[in-house]
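Student: Here it is: the structure, laid out below.
The values are calculated or read from the model by the stated rules, or taken from the named source; none is laboratory data. For clarity, every value in this text was computed on a predicted model and none was experimentally measured. Glycine also receives a Cβ, built like all others from the backbone with ideal geometry; neighbour counts cover every protein chain displayed. Please note that ligands, DNA and RNA were not included when accessible areas were found on the heavy atoms of the full protein model with its side chains. Shrake-Rupley method; radii C 1.70, N 1.55, O 1.52, S 1.80 Å.
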Amino acid sequence: MDKFNLLITVAVIIIIFISLFLSLFLFTVKTEHKLSNRLFAFFLVFTAIDISGILFNFLNDNPSNIGMFRNSISFLQPPTLYLYVLSVCYSDFKLKSIHLLHITPFLIANLILLSRFYSVSLSSKIDFLENNSNMLEIQFIHIFLHIQIVAYIIVVFIILRKAKKLYLENYAGASMESINWLFQFIIAISLFYFFAFIKNIFKFTDYSNILEWLKIGLFVFELFIISWYLFKALNNPSLFRNIDSKLKLVKAIILDKKSENLAVNENIYTKELLQLKSYMIEKKPFLNPSLTIQDISNDIEIPTRELSLLINHKLGQHFFDFINIYRIENAMEILKDTTRTKVTILEILYEVGFNSKSSFNAAFKKHAGITPTKYRKQLKNNTL
């Protein structure tokens, strides 16, 4: 076994082990996000099967139906990832029979191979694979797979973009970090698929050395992505807080109001705004780290739709930022309090409604222009 095949084999064994270990963890861990965990576990299992080709070929030199079927498993990875993202983003997501349509590309790929691979003799199978670069079925499957991957990646980013907007307009918890991390995770997977596409181009050329190095690079990158996810999953078992898919974006609510021919009553908006500000100052709901726009709506008896328009449209702020401003103002008051100089920054951020130091620092710097630590030092220097 040459050094290339040895490196690839070692990388494949490590990736398969970690993938199966993490999938087992996701299948068995007790959590409220069972569907999300199981969908990602299936994605990892499909990934392990997809990259196990080198081990499969080592155990079986001759082409087989099982081996070709294993290759087609790659068609199940993008739709599984898509369903996983949906389940993570929306709390009311459920698998339905219509979702079975996502296995259509997988079925088509196998049907295409039925007449000239699955149903022929071993010698015909060998001849088929030896001339794979000239076989229309192989070329079509490669193109079809890459079109499918691109389509699903685009749809996933659209879903995440909408989910992020919905979260900003309706929630004020710590899930923004989780959504941002999910964006990063999908970007990493997109980059992996892009380099896999480059690798597949070299598969049909005579540049075997470049192809081998690309394979090693892809396996190392895949190992990094899976290990990164494993680290996040173990350190943040409740990584995501879902949003309600029935929520509407503010722009959709505005269109609805226009279609209903409802005139905006400035007096009503002014009255509701005063009511909202009075409530925020007196009741301090922002101290609740899991506060939602629905919670405030229930307390001040303004319909959620109207309240969303008032904050996200009329005030020109996302609900997320609107709440964080009150939290930061409260934190600044605590920092100014000379009787509380021994209270740590960590204690303050939890007290005012944050549950993440990074999100607190980012919000504080966005509002005050400096970090809370520098703000405290600045106050201390001014009193000297």
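Student: Would you confirm, using the coordinates I've provided, whether residue 80 is of a type in the set (Val, Ile, Thr) and open to solvent by less than 20 Å² (accessible area, probe 1.4 Å)?
Tutor: yes
Student: If you go through region 291-326 one residue at a time, how many are open to solvent by 10 Å² or more (accessible area, probe 1.4 Å), among the aliphatic types (A, V, I, L, M) and at pLDDT 90 or above?
Tutor: 2
Student: Hey, which of the helices (runs of 4 or more DSSP H) in region 272-384, taking only ones fully inside, have at least 1 residues that are over 27 Å from residue 169 (Cβ atoms) and free of Cβ contacts under 8 Å to residues at least 60 places away in the same chain?
Tutor: Ranges flagged: 319-336, 345-351, 372-383.
Student: Separate question: Residue 148 passes all but one of (1) among the polar types (S, T, N, Q); (2) closer than 29 Å to residue 194 by Cβ; (3) surrounded by fewer than 17 Cβ atoms within 10 Å (Cβ to Cβ); which number fails?
Tutor: So residue 148 meets the others, but not (3).
Student: Quick one: would you say residue 137 is acidic (Asp, Glu), under 30 Å from residue 320 (Cβ atoms), open to solvent by less than 80 Å² (accessible area, probe 1.4 Å) and in a helix (DSSP H, G or I)?
Tutor: In short, no.
The rows are residues; the columns are (1) surrounded by fewer than 19 Cβ atoms within 10 Å (Cβ to Cβ); (2) in contact with a Pro (Cβ under 6 Å, 6 or more places away or on another chain); (3) free of Cβ contacts under 8 Å to residues at least 12 places away in the same chain.
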position	(1), (2), (3)
25	yes, no, no
44	no, no, no
53	yes, no, no
61	yes, no, yes
65	yes, no, no
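Student: Has region 87-105 got any residue that is open to solvent by less than 60 Å² (accessible area, probe 1.4 Å), in a helix (DSSP H, G or I) and aromatic (Phe, Trp, Tyr)? Can you show your working first?
Tutor: Step one: list which residues in region 87-105 are open to solvent by less than 60 Å² (accessible area, probe 1.4 Å), which gives 87-90, 92-93, 99, 102, 104-105.
Checking the rest, the ones that are also in a helix (DSSP H, G or I) come to 87-89, 99, 102, 104-105.
Remaining after also requiring aromatic (Phe, Trp, Tyr): none.
Taking every residue of region 87-105 in turn, none turns out to be open to solvent by less than 60 Å² (accessible area, probe 1.4 Å), in a helix (DSSP H, G or I) and aromatic (Phe, Trp, Tyr).
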